[in-house]
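Notes for the one structure printed next.
The values are calculated or read from the model by the stated rules, or taken from the named source; none is laboratory data. What you see is a predicted model, and the numbers here were worked out from it, not measured in a lab. Cβ sites come from the backbone with ideal geometry, for glycine too, and all protein chains shown count toward neighbours.
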Amino acid sequence: MKPGLQFILLRLVLFLCGTVALPASAQDPAARSLAATCFTCHGTDGRSAGGVPPSLAGQDKNYLLQTMKDFRAGKRPATIMHQQAKGYTDQELEVIAGYFASVKTGPGATAPAAPASRY
Ligand code: HEC
């Protein structure tokens, strides 16, 4: 293998590792894609429409993490969150909780792409 190619491959591997190891934040695409499974019910970026189910955006990271662990362990009553929580490792839940905690809420926050008013 030519040294140039090895260098490129090394850079690629380092880049990919970096993507996974980055602290979870709203800017981290890997964290966002993991959290995206929750968007279906909890709204885009965890901003739920009308608060049902509750918005996850901007909630405390430790609260989100503990709640997910409690759902997974069956300690907290739920209709469907028991099932949702079971699919994730502790590490994944940490990334997801970090993602939602980092989403800004309230005035001045970047709103998710809203459809243009058609009426
Ligand atoms: C199929 C719809 C659905 C999906 C998908 C879903 N949730 Fe939920 N979530 C709910 C409902 C409904 C509740 C209310 C508790 C219950 O009945 O299970 C809830 C409650 C919660 C709560 C408690 C909120 C509070 O403050 O009381 C958290 C935290 C939560 N979900 C996190 C997540 C995360 C993280 C994901 C993605 C891994 C996720 N949910 C995916 C429907 C969903």
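Okay, residues lined up against (1) modelled with pLDDT of 95 or more; (2) near the ligand (Cβ under 9 Å from one of its atoms):
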residue	(1), (2)
Met68	yes, yes
Arg72	yes, no
Pro77	yes, yes
His82	yes, yes
Lys86	yes, no
Gly98	yes, no
Ser102	yes, no
Thr105	no, no
Ala109	no, no
* Asked: Mind checking whether some residue in the range 69-81 is hydroxyl-bearing (Ser, Thr, Tyr) and surrounded by 13 or more Cβ atoms within 10 Å (Cβ to Cβ)?
  -> no
* Structure fact -> Among the residues of the range 73-87, the number that are over 17 Å from the mean Cα position of the chain (by Cα) and within 14 Å of Ala97 (Cβ to Cβ) is 0
* **Residues of the range 40-66 classified as more than 16 Å from Tyr99 (Cα to Cα) and more than 9 Å from the ligand (Cβ to nearest atom), total** => 3
